[in-house]
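Written below as structure tokens is the structure these notes are about.
The values are calculated or read from the model by the stated rules, or taken from the named source; none is laboratory data. Nothing here was measured: the structure is a model prediction, and the numbers come from that model. Here Cβ is always computed from backbone atoms with ideal geometry, including for glycine, and neighbour counts include all displayed protein chains.
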Amino acid sequence: MMDFTVPEPLRALQSQIRKFIAEQVIPLERDPRLGPHGPEESLRTELIARARNAGLLSPQVGHEYGGLALSHHGRAIAFEEAGYSMLGPVAMNVFAPDEGNMHLLEAVATPAQKDRWLRPLAAGEIRSCFCMTEPPPGAGSDPAMLQTQAVAEGDHYLISGVKWFTTGADGAALAIIMAMVPGVGATMFLAEMTAPGISIERNLDTLDTCFPGGHGVVRFDGLRVPASAILGELGQGLRYAQVRLSPARLTHCMRWLGAARRAHDIAVDYARRRQAFGRAIGEHEGIGFMLADNEMDLHMARLAVWHCAWVLDQDDLGLRESSRAKVMVSEAVWRVADRCVQILGGQGVTGETVVARIFADMRAFRIYDGPSEVHRWSLAKRILKGSKTKETTS
């Protein structure tokens, strides 16, 4: 049975993170080093140092890598608080794609690979990227369309192909590359981003500005990697992608829930102070009802996150639950952000508050890690399969 109570240790951690975000992170939100492709490296380094000093760096990883070994439930508490500022996940080293890559490395990598890559990632010393999505006709929502090839040559592999929407590629030290090994299947490889054969063609201009390194187009032109660079087993890349993506979808939900709560808090404060037609605008039903809808959406989203976290903590991959949570939460927090812009009126479309930036950053969440339509299609297949099985056995 699910227990919705927050244990005292997590409650204390929640308060600690909330204080850290308010005092150490939010004051840096207008720092000029935050540009169109995310915070510059000097700003990221400063944020990482602040979290390290507060004992809050990479709380999701195991104790041996300096973390707190938080359960998925624990991450739900911590990551929501981190997400209250768009710089919070960067400061605590729980942002995408590094958080998902750390989870994957911890679950699949060899001891040598963990020492080489996971340890500095968890310490915030380097960044990483996950190279999976390709331009047409390559893989997007359908991973079976994977075009990038890794051809065996002795005890090495030569990787060729193009990836795009590769978050964090610019400035990353590590690339996790999904490639098709002919006759074997999709396989993951680890590579240094400075290796010959890797080039970043450009950074895409996107609505969001919160991810360090932006979103790059990366070309692999005969990248040579040794067999020891294989992550996990040959031909198991798609399975490992689910090991990474299922919890990563959920941690996105956790962080964006915090951002939506921030936008709502700003809107509530404005609705109390702003006067129109002889009263505070929040007292008019048009605004008051939007605030009420926000509260209901936030509550529903949090329940969806906590339920999925509970499932994942039962050693279940939680594919159905993570798909369901991804759709429910991404659309709920988007509604919250949209209402907050409306409540703020003219200020909602300016940089006077952080709401406009949350609104822009959050829009992409309904697309990345699987658009809502693909998750609905996947859920529908599972529903129909379950119904068919029930009819056959009854």
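This table checks each residue for (1) part of a helix (DSSP H, G or I); (2) modelled with pLDDT of 90 or more; (3) surrounded by fewer than 18 Cβ atoms within 10 Å (Cβ to Cβ).
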site	(1), (2), (3)
Lys326	yes, yes, no
Phe359	yes, yes, no
Met362	yes, yes, no
Val374	yes, yes, yes
Lys388	yes, no, yes
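Inside segment 26-134, counting only helices (runs of 4 or more DSSP H) that do not spill past its ends, which hold 3 or more residues that are over 30 Å from Ile266 (Cβ atoms) and in contact with a helix residue (DSSP H, G or I) (Cβ under 7 Å, 6 or more places away or on another chain)?
98-108, 119-122
Could you please let me know if Asp316 is assigned to a loop (DSSP other than H, G, I, E, B) and out of contact with any Leu (no Cβ under 7 Å at 6 or more places or on another chain)?
yes
Just give me the residues in segment 200-239 being part of a strand (DSSP E or B), under 19 Å from Pro36 (Cβ atoms) and charged (D, E, K, R), in sequence order.
Once the filter is applied, which keeps residues that are part of a strand (DSSP E or B), under 19 Å from Pro36 (Cβ atoms) and charged (D, E, K, R), segment 200-239 yields Glu201, Arg202.
Return yes when Ala309 is in a helix (DSSP H, G or I) and in contact with a Ser or Thr (Cβ under 9 Å, 6 or more places away or on another chain) and no when it is not. If you could, list the steps in order and put the result at the bottom.
On the way: in a helix (DSSP H, G or I): yes; in contact with a Ser or Thr (Cβ under 9 Å, 6 or more places away or on another chain): yes.
Yes: the conditions hold for Ala309.
Consider Leu13 carefully, then state whether it is closer than 23 Å to Ile126 by Cβ and surrounded by 15 or more Cβ atoms within 10 Å (Cβ to Cβ).
No, not satisfied.
Restricting to segment 328-357, name every residue that is assigned to a helix (DSSP H, G or I) and among the hydroxyl-bearing types (Ser, Thr, Tyr).
Within segment 328-357, Ser330 is the sole residue that qualifies.
Under 7 Å between Cβ atoms, at least 6 apart or on separate chains: pull out the pairs that start in segment 42-67 with a residue that is crowded, with 18+ Cβ neighbours inside 10 Å and end on any residue that is basic (Lys, Arg).
Once the first residue is crowded, with 18+ Cβ neighbours inside 10 Å and sits in segment 42-67, its partners that are basic (Lys, Arg) give Leu43/Arg33; Gln60/Arg75; Tyr65/Arg119.
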